[in-house]
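Below: one structure, written as structure tokens.
Where a number appears in this text, it was derived from the coordinates with a stated rule and is not lab data. Remember, predicted model here, so these are calculated numbers, not experimental data. No Cβ is skipped: glycine too gets one built from the backbone with ideal geometry, and neighbour counts run over all protein chains shown.
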Amino acid sequence: MIAVGVAAVAGFGGVSGAAAKPRLVLKVAPAKPAATTPITVSLKAPKLRGSKMYYGVALSVDPGYLRETCSSGLPVVALRAARGGRFTGTLNPRAAIDPHKRRWCNGVARVEVRRYGPWPWYTRVLARRKVPVGTGKPDPPPPSAEELGVPVKMTVLDGSTITASAPGRPDRSSPVTGTFRGSIPGRFKPNTDLTTDFTTGGLAPSAFPADPLCPGTTAPASFDLAASSPQTLFASGEASMTLVLNGAPSQLFGCGPAGPLAGTTTIPLSGTVVKGVGLLALPLTGSVSGIPLPGGSTGGLAANLTVNIDLSGKD
């Protein structure tokens, strides 16, 4: 449906007829254009006498915080004379010169018509409409630093290992690598306790031997995070982390059950910052015990990690 707006203009000169206050009717369609939809303007107005005069329409939208990715307006578009005393034109966001701005900014667009000419003269606004474009609401501001948090990257360094042990048979140990990413909520201050929520990443054993009492099953190729794993770096130099991994403890141990990983394994880690090294190489150790194994025995998994914690906010 076409949205209709009416504007009355006083003292409108340079048009045929003797009416002091000609009635201008401005129509805009569609009533709620999408961000990439062309907007058609139709103006019912007196015929212009001068050959160098024309009705021009301009559109403007408050670009909000996304002014680099949307069009807040276009140059004035001249309306063409049509039947029935109408003047028409189309505003198309794809006409923007900048290829990154070929969509309307979300918000309320102001569509305004003036009479232009002879150059450089133009009148005040003769007719005006407000049209919701896109979502109809200005885009919200980008998240603040406090909302985004400080990105944190933790890299597992060479020399880190994971070990499986069980009574009556040799321990099985493998070098392990990995990268974890998370964030510190809000801003942080030096010399205070810092808590990071790691949400992605995992450990990757490179050569975890199979358990001789569990033929046909092996540990997964990677021990990935199953849930947010918090880590606290205390101002005292102590560190703790709750590592929540995908897969039941017996599956990470390499004794099944076979099939998709099910359940989770939690390994509490702790350590102390080494003087002169700091977070460049932080030792973290922890273990989980009582893992049920075939034959009624139990086993354990131990992580002996050295990690680099990057608080710079860079990838």
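What longest range of the chain stays clear of loop-exposed trypsin sites (Lys or Arg not before Pro) (DSSP non-H/G/I/E/B, at most 15 other C-beta within 10 angstrom)? Let's see the in-between values first.
Numbers: sites that count: LYS47, ARG49, LYS52, ARG67, ARG124, ARG187, LYS275, LYS314.
Between the exposed loop sites, the longest stretch runs 188-274.
Starting from 0.36 nm per residue, how many nanometres of slack lie between ASP158 and ASP197 once their C-alpha separation is accounted for?
Full-extension gain reported as 11.7 nm.
Which one of GLY56, THR199, VAL131 is farthest out on the positive end of the charge dipole of the chain, using unit charges on Cβ (Lys, Arg +1; Asp, Glu -1) and the Cα centre as origin?
GLY56
Given (1) 66, 42, 37; (2) 69, 57, 39; (3) 110, 46, 26, which label gives Cα extents along the principal axes in Å as computed from the coordinates?
(3)
Compare PRO75, PRO175, PRO249 in a GNM of the chain, Cα atoms joined below 10 Å, and give the one with the largest fluctuation.
PRO75
LYS27: which lysines have alpha carbons under 29 Å from its alpha carbon, excluding same-chain residues fewer than 8 sequence positions away?
LYS44, LYS47, LYS52, LYS101, LYS130, LYS137
Just to verify a number: FRET efficiency for LEU279 and ALA34, C-beta to C-beta distance, R0 = 45 Å, to 0.05? Before the final figure, lay out the partial values.
Details: r = 49 Å, r/R0 = 1.08.
According to the calculation, E is roughly 0.40.
In terms of Cα to Cα distance under 17 Å, which aspartates and glutamates are near enough to LYS32, apart from those fewer than 8 places away along the same chain?
Cross-link targets: ASP62, GLU112, ASP139.
Tell me the relative contact order for the chain as a rounded percent, counting alpha carbon contacts under 8 Å between residues six or more apart.
After rounding, I find 13 percent.
With springs only between Cα atoms under 10 Å apart, run a GNM on the chain and tell me which of PHE87, PHE223, PHE198 wobbles the most.
Largest GNM mean-square fluctuation: PHE87.
Mind giving me the FRET efficiency for THR177 and LEU213? R0 is 22 Å, r the Cβ-Cβ distance, nearest 0.05 is fine.
In this case the efficiency is close to 0.20.
Please enumerate, by chain and number, the lysines with C-alpha under 27 Å from the C-alpha of LYS153, excluding those fewer than 8 residues away in the same chain.
LYS189, LYS275, LYS314
Report the extension gain between ARG169 and ALA78 in nm, rounded to one decimal, defined as 0.36 nm multiplied by the number of residues separating them, less their alpha carbon distance.
Separation in residues times 0.36 nm, less the Cα-Cα distance, equals 24.0 nm.
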